[in-house]
Amino acid sequence: MTKLTFWVLLALTVLSVLYKNFWCRYLCPYGALLGLISRLSPVKVRRTEANCIHCHACTKHCPTLIDVENKDVIKSGECFGCMTCVSRCPSPGALDMTVKAGKNIRALRPVHYVLLLVGLFYLVIGIGVLTGKWHSQIPREQYERLIPQVSRMEHPG
Ligand code: SF4
Ligand code: SF4
C-alpha cells in the first residue's frame, strides 16, 4: 500500500463515520450516473399533501436520507427509485411512484414499476445485441457453468 492509498482510505473511513454512506452519496461514479438519470427521468416519487399524515416513516426509512416528508416531488439525484419510502407509507394516496406524460401524472402500481424497469433493462441490452454493440469477454460456457449456481452466490457487500 502506498502512502497516498493509506491516506485516501483513512480519509474515506473517517468521512464514512461522520457522514452515512459518504462514498455512495458523494463520490461513487455509478451513483453519479444513476443520479443524472434520476433527474432526467419522467418517473418520480410524489407526495400528496392532502393525504399525508406526517408520520415521518418515509424520511426515516429512505436509505439516502432524503427528507421525503417535506417534499412534493423527489427530484434529488440521490434518489435511486428503491420505493422504500412508498412501501413504508401507511396512508393510501400520500406517496406514490408516478410517471409524467405531458401534463398528465399517473401513479404507478409497484408491479407496473417493476415491469417498466425490467422492460427498460432488456430493451437497452436488446438494442446493443441487435446493433452488434453488445460484446462480452465471458465465454458462453462460463455462463452455462455459473448460472445454475446463482442461488448459492452472495453479494460481497
Ligand atoms: S425511492 Fe428510495 S431513494 Fe428515493 S426517496 Fe424513496 S426511499 Fe429514498
Ligand atoms: S410516510 Fe406517507 S404519510 Fe407518512 S410522512 Fe411520508 S408521505 Fe406522509
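Quick note: the coordinates plus some simple rules give every number you see, no bench work behind them. Since we're looking at a predicted model, the values are computed, not measured. Counting neighbours? That spans all protein chains shown, and the Cβs are built from the backbone with ideal geometry, glycine included.
With a Förster radius of 22 Å applied to the C-beta separation of residue 4 and residue 28, the computed FRET efficiency comes to 0.65.
Summary value for region 30-157: 23 percent relative contact order, contacts being C-alpha pairs under 8 angstrom separated by 6+ residues.
Could you list, in their original order, any pairs among 60/100; 75/133; 20/71; 20/103; 20/44 whose Cα atoms are separated by more than 30 Å?
75/133; 20/103
The local environment of residue 64, defined by Cβ-Cβ distances under 10 Å, has a net charge of +1 under the rule Lys, Arg +1 and Asp, Glu -1. For the peptides 73-83, 9-19, the ranking by packing is 73-83, 9-19, with the highest mean count of neighbouring Cβ atoms within 10 Å listed first. Across region 32-44, computed HN-Hα scalar couplings (Karplus, 6.51 cos²θ - 1.76 cosθ + 1.60, θ = phi - 60°) run 5, 5, 5, x, 5, 4, 4, 5, 7, 5, x, 9, 8 Hz from first to last residue, x flagging Gly and Pro. Here the gap between residue 135 and residue 147, fully extended at 0.36 nm per residue and compared with their Cα-Cα distance, gives a gain of 2.5 nm.
Rounded to the nearest Hz, the phi-derived 3J(HN,Hα) couplings of region 70-85 under the Karplus curve 6.51 cos²θ - 1.76 cosθ + 1.60 (θ = phi - 60°) are 10, 10, 8, 10, 8, 9, 4, x, 7, 7, 10, x, 6, 6, 4, 4, where x marks glycine and proline. Residue exposure proxy: 98, 48, ordered by other Cβ atoms within 10 angstrom of their Cβ from fewest to most, comes out as 48, 98. So for the chain, considering every pair of alpha-carbon atoms, how many percent are separated by more than 25 Å? So the pairs more than 25 Å apart make up 50 percent of the total in the chain.
Sites listed here are trypsin sites (Lys or Arg not before Pro) in region 28-72 whose DSSP assignment is loop and whose Cβ has at most 16 other Cβ atoms within 10 Å: 71.
Working value for region 89-157: equivalent-ellipsoid semi-axes of 35, 21, 8 Å, each the square root of 5 times a Cα gyration tensor eigenvalue, largest first.
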